[in-house]
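Written out below as structure tokens is the structure these notes cover.
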Amino acid sequence: METAGELIYGCMGLGGPWDATEYGAAEIDGAAAAIGAARRIGITVFDHADIYGGGKSEAVFGDVLARNEGLRGQIRIQTKCGIRLGEGGLDAYYDLSREAILERTAASLARLRTDYVDLLILHRPDPLMDPGEVAAALTFLHAEGMIGGVGVSNMSGAQIALLQDRLELPIEANQLEMSLRQRAWLESGVLINHPEAAQYPFPHGTLEHCRRHGVGLQAWGALGQGVYSGAPGEATDAERATAELVAALAGQKGTTPEAIVLGWLMRHPAGISPVIGSTNPDRIAACADAPEQARLMATTEWYSLYLSARGGPIP
Ligand SMILES: NC(=O)c1ccc[n+]([C@@H]2O[C@H](COP(=O)([O-])OP(=O)(O)OC[C@H]3O[C@@H](n4cnc5c(N)ncnc54)[C@H](OP(=O)(O)O)[C@@H]3O)[C@@H](O)[C@H]2O)c1
């Protein structure tokens, strides 16, 4: 039996719009409300990246930490490096050089107003990265007490294995887009030896690698941007039908649509930890029951949600 996942709070939405260069009291209060809501439902892990809000998400979080003595000791913070936005005349490029890892991590710590992050995550695989150089930079940061551990994001099992070969520290987590809405992670395992598999590009074997080697799975986009739990906007027929099924199950079970959507993900035996990206305290509170709903979800309920979301039968 693998370790059960836990809810994680995703801080990407804190600090106001990405294109705003500054933030003020309203954004600090908004961040404090969201962090408070996450703490009230028992969340202890907070997910960041150096690029979120152009640095404002970390900065506003640092302001909330500064206001709340003792909070830092009650939570775990993870942040990411490796993506450069709007630099070097390019919209975006990846940079996992030693200099980038060291500089970006130091800048994140300064914005977060903390001496260390519990986990430093490599945001995306950089085709130019040298695993030995990355390993040396991470080992240095760990020895300096600036990071408690190492994780990766959007990496395949093979990429993780290559890096792990050079790194003494264990790679503790891989953060991937996984949800009822984005099911490539699941379909790639179900559609083995089936032509439909081509519709779901996902590096097959990644989940299995993580499960075999104790790399925790974190799911970004876990709420599917609210498509099954009341978000307005365009939806496909399958998404609308699934939202109705989610609402019906939530009604029967006396819980919220968010708990059903996240409970479905947590019901998977890999022990997936959903990263919740809502900034709305009520919606954050609505996620509280997800671990319990995962425990209670019958196999037929799990499959009815899966089949509804895919909009057709499995082979
Ligand atoms: N590793 C990576 O590459 C990567 C990439 C993207 C994100 N992430 C992490 O994952 C976290 C979550 O990702 P995400 O934000 O893309 O996914 P999400 O949690 O699925 O979606 C959150 C978004 O959906 C909206 N939403 C949810 N339910 C809604 C409803 N009922 N009505 C209206 N709006 C609703 C939220 O708005 P409100 O704020 O108004 O609720 C928010 O904008 C991020 O915070 C970040 O920490 C990681």
Applying the selection to the stretch 245-267, what residues are surrounded by fewer than 19 Cβ atoms within 10 Å (Cβ to Cβ) and without any contact (Cβ under 8 Å) to a residue 24 or more places away in the chain?
Ala247, Ala248, Gly251, Gln252, Gly254
Looking at Arg111, Arg98, which is the one that is out of contact with any Ser or Thr (no Cβ under 6 Å at 6 or more places or on another chain) and closer than 15 Å to Gly62 by Cα?
Arg111
Matching option when the condition is closer than 17 Å to Leu96 by Cβ, more than 17 Å from the chain's Cα centre (by Cα) and surrounded by 19 or more Cβ atoms within 10 Å (Cβ to Cβ), among Leu163, Leu128, Leu169:
Leu163
Could you run through the stretch 69-93 and say how many residues are on the phi > 0 side of the Ramachandran plot and in a strand (DSSP E or B)?
0
Single residue of the stretch 73-91 satisfying the filter (within 15 Å of His123 (Cα to Cα) and among the charged types (D, E, K, R)) that is nearest to the chain's Cα centre (by Cα):
Lys80
Which numbered condition Ser108 misses (of (1) outside any loop (DSSP other than H, G, I, E, B); (2) without any contact (Cβ under 8 Å) to a residue 60 or more places away in the chain; (3) buried (at least 20 other Cβ atoms within 10 Å of the Cβ))
(2)
For the stretch 296-312, does any single residue satisfy the condition of being in a loop (DSSP other than H, G, I, E, B), closer than 20 Å to Ser188 by Cα and among the charged types (D, E, K, R)?
no
Options Gly62, Gly70; residue that is farther than 21 Å from Ile171 by Cβ, in contact (Cβ under 8 Å) with a residue 24 or more places away in the chain and out of contact with any strand residue (DSSP E or B) (no Cβ under 7 Å at 6 or more places or on another chain):
Gly62
Of those in the stretch 225-242 that are within 12 Å of the ligand (Cβ to nearest atom), in contact (Cβ under 8 Å) with a residue 12 or more places away in the chain and in contact with a helix residue (DSSP H, G or I) (Cβ under 7 Å, 6 or more places away or on another chain), the residue farthest from Ile160 (Cα to Cα) is Gly230
Cβ-Cβ distance below 9 Å, separation of 6 or more or different chains: which pairs start in the stretch 138-154 with a residue that is among the hydroxyl-bearing types (Ser, Thr, Tyr) and end on one that is away from the ligand (no atom under 16 Å from the Cβ)?
Thr139/Leu167; Thr139/Glu168; Thr139/Leu169
When Glu177 is run through (1) within 13 Å of the ligand (Cβ to nearest atom); (2) surrounded by fewer than 19 Cβ atoms within 10 Å (Cβ to Cβ); (3) farther than 20 Å from Val45 by Cβ; (4) not β-branched (Val, Ile, Thr), the failure sits at (3)
So Glu187, is it at pLDDT 95 or above and either under 30 Å from Gly226 (Cα atoms) or in contact with a Leu (Cβ under 6 Å, 6 or more places away or on another chain) (or both)
yes
When residues of the stretch 127-174 are limited to those that are of a type outside the set (Ser, Thr, Tyr) and closer than 28 Å to Gly226 by Cβ, the one nearest to the ligand (Cβ to nearest atom):
Asn154
Tell me, which residue of the stretch 188-219 that is of a type in the set (Ser, Thr, Tyr) and assigned to a helix (DSSP H, G or I) is surrounded by the fewest Cβ atoms within 10 Å (Cβ to Cβ)?
Ser188
One residue is enough: does the stretch 175-187 have a residue meeting the conditions under 18 Å from Ala294 (Cα atoms) and assigned to a helix (DSSP H, G or I)?
yes
I'd like to verify a number: residues in the stretch 243-277 that are within 14 Å of the ligand (Cβ to nearest atom) and not aliphatic (A, V, I, L, M), how many?
7
Within the stretch 278-295, take every residue that is away from the ligand (no atom under 13 Å from the Cβ) and part of a loop (DSSP other than H, G, I, E, B) and give me the one that is farthest from Ala34 (Cα to Cα).
Asp289
Any hit, the stretch 17-39, residues being in a loop (DSSP other than H, G, I, E, B), buried (at least 17 other Cβ atoms within 10 Å of the Cβ) and modelled with pLDDT of 95 or more
yes
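The values are calculated or read from the model by the stated rules, or taken from the named source; none is laboratory data. None of the values given here were measured: they were computed from a predicted structure. As a convention, Cβ positions derive from the backbone with ideal geometry for all residues, glycine included, and neighbour counts pool all protein chains shown.
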